[in-house]
1. What is the residue count in region 94-105 for residues that are in a helix (DSSP H, G or I), out of contact with any Gly (no Cβ under 6 Å at 6 or more places or on another chain) and crowded, with 20+ Cβ neighbours inside 10 Å?
2. Name every residue in region 374-397 that is surrounded by fewer than 16 Cβ atoms within 10 Å (Cβ to Cβ) and more than 17 Å from L364 (Cα to Cα), in order of residue number.
3. List the number of the failed condition for A336; all other conditions in (1) in contact (Cβ under 8 Å) with a residue 24 or more places away in the chain; (2) outside any loop (DSSP other than H, G, I, E, B) hold.
4. Looking at region 106-141, which of the residues that are farther than 23 Å from G256 by Cβ and among the charged types (D, E, K, R) is surrounded by the most Cβ atoms within 10 Å (Cβ to Cβ)?
5. Against the definition (part of a helix (DSSP H, G or I), over 39 Å from the mean Cα position of the chain (by Cα) and not assigned by TED's automatic domain parsing to the domain that holds W85), how does A446 come out, yes or no?
6. Kindly check whether there is at least one residue in region 433-445 that is surrounded by 18 or more Cβ atoms within 10 Å (Cβ to Cβ) and among the β-branched types (V, I, T).
7. Would you mind finding the one in A214, A142, A156 that is among the small types (G, A, S), within 30 Å of L279 (Cα to Cα) and in a helix (DSSP H, G or I)?
8. Suppose we filter R343, R316 for residues that are touching an Asp or Glu at 6+ places or on another chain (Cβ under 8 Å) and part of a helix (DSSP H, G or I); which single one remains?
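The values are calculated or read from the model by the stated rules, or taken from the named source; none is laboratory data. Here the structure is a predicted model, which means the values were calculated and not measured. Note: ideal-geometry Cβ built from the backbone for every residue, glycine included; neighbour counts use all protein chains shown.
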Amino acid sequence: MDSVGTAESADRTARSPREWCEEAVARLRTGHPDTALEAARLAADLEPANEWAYRLISLALERQGRDADAVAPAEHAVSLARGSWPARLRLGTALRRVPGRWAEAVEQAALARRYAPEEADPHVLHGDQALLRAEHTPAERAYLTALDRDPAHPQARVNLGLTLLRWDRFPAHRDPAWPIDPRESGRARRALEVWSRQSRLLLALATIAVVVAALAFDRGREGRLGGLLVLVLLVPITLRQARRVRVWSYVPAMLGRDPWLGAALASAAVSVAAFAAWLTLGALPAPPGLSSASDPLWAALAGIVVLGWPVTAAVRALAELWRGRPLRALAQFARAPAERTARRNGGVTLWIVLGRTWSVLVPLVCGALAVEPRAAVLAVAVPYPMLASYRRARYGEDGWLAVATGLVVLASVACAAGGLLGLVWAWRAGLGALCAAVVVFALRAARAWWRGGPGPWRASLIMCDLPTGDAPSVAVTPEIRQAFAYARSVVLSFGDSLGPRVVGTAATVTPSGELRLVPEPQARAAVEADPRVAVFAADPLQRRFWVEVRGIAVADSDLLRVTPKQVLMGEFPGRHQRR
């Protein structure tokens, strides 16, 4: 047993901490966070000052779904290298998933952008934070900035497409900046939705039952009494759901962020008022010569109660269908073909484009039938944007989408032929194809619901969330450490309002690779405005080479802590080089 343990220990120490970190990154990118966590912890055990290892520990924990546990190692990585933009990026990503720490996440993301404005990832994190709050204009600007730095960045491409679609995180009622537990806001939302759903359904069924009792069985009085019992039954239902809402102070903000939730509640309240007025009006004596069953006002109130829910659902479907710019979003998804999230979102977006095409064809064809049949020739041009986007996107994984697209194209051609040539069978074929497209959509939606997969609707869109903050730290080799140890002169270069400046200083290198400098007052003030500095060390008499460290300086007590971003080394020319 001892020999086995010794062999295992030797195998673990055979690799350097940096090699274990590279192994952890490889395992994370192949979707194995468990083994990646083990490799990162081995690197941290071998080198406790290795901030890269702690970043990878945080990322592996996050990929395991342990969001709260991922914060501590990310904070430790920042403490080891305060000027490291990947450490700030990792901490900002971890904090955004923890309730009540959104402001800190935004601060860390801002520091990452300040420390590395030339990198794409800090701008992507800024865009993700804005997109999660449905702030689409700032998110679009951030993603475009990131793509200026890295045009091939897949996460920026995919999430920019979501921004162009005006995507809202589902459910949309919650602001991630709220300090409350997401489960509390989710519980409140479910309670409000259940009350709205139960109220509208009960009142619609009660209305239908009262009408049937009055007209079919001449039991209007008994039917109205049953309707009153339904109103009484709504009282305990309302009280029960109201007790489940423990964050009433956030409900107005929830309704502001999710207007459809507010519309559902308003529709339920209107249905209750209309049902009560309908029962009262039905109990009043009818005017001479006019029966209560044919009273227009009575019928209108009944229509509000019964049809309010379907009408609201239809309006919501149309509004969601025409929200955003799906053709531009498809162009972004198509430029990230290797990303699985891009393919999924592209397929859903094609369904949205198909729905838009269908919603234009139906009123056009119906209007042509009612007014001027020859106007139906315009239907031929309606599917063109859909076909162009389908051909450009080239998503062939969904056969249902291909069938529905073919039916819509057939409908446009058949209706145009029917209107232009007066062919009755062409009209019937076109209208039948439009109805068949709805059937195909319904079957595809039912299949997705049954299997639990992404459906042909906007709620199936998802953000791209690639591993963030796994960039390797700058390696500080023993030669670099020796250069600063034996250097006869160390120069700090920085910029202030007067331009570039240099001052002499003293420097040491910590085990984590940071430089600790003793700054002059003007250097400290300049670094607070612009943390980008360069440190030059040289010993031309003994070692004959120089080192330049470009990095980020952060003031800490009486010292400056410089985290390297780039290290340059060179040798002073000798006699042989002069010849």
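1. Residues meeting the conditions: 3.
2. L387, A388, R391, R392, R394, G396, E397 - these are the residues of region 374-397 that are surrounded by fewer than 16 Cβ atoms within 10 Å (Cβ to Cβ) and more than 17 Å from L364 (Cα to Cα).
3. Against the list (1) in contact (Cβ under 8 Å) with a residue 24 or more places away in the chain; (2) outside any loop (DSSP other than H, G, I, E, B), A336 comes up short only on (2).
4. At the first step, the residues of region 106-141 found to be farther than 23 Å from G256 by Cβ are 107-126, 141.
After this cut, where a residue has to be among the charged types (D, E, K, R) as well, the list is 107, 113-114, 118-119, 121, 141.
On the way: E107: 15, R113: 20, R114: 15, E118: 8, E119: 19, D121: 25, R141: 15.
The extreme case among them is D121.
5. On the way: part of a helix (DSSP H, G or I): yes; over 39 Å from the mean Cα position of the chain (by Cα): no; not assigned by TED's automatic domain parsing to the domain that holds W85: yes.
It is false that A446 is part of a helix (DSSP H, G or I), over 39 Å from the mean Cα position of the chain (by Cα) and not assigned by TED's automatic domain parsing to the domain that holds W85.
6. yes
7. On the way: A142 fails: within 30 Å of L279 (Cα to Cα); A156 fails: within 30 Å of L279 (Cα to Cα).
Answer to the selection: A214.
8. Working: R316 fails: touching an Asp or Glu at 6+ places or on another chain (Cβ under 8 Å).
One residue alone meets the criteria, R343.
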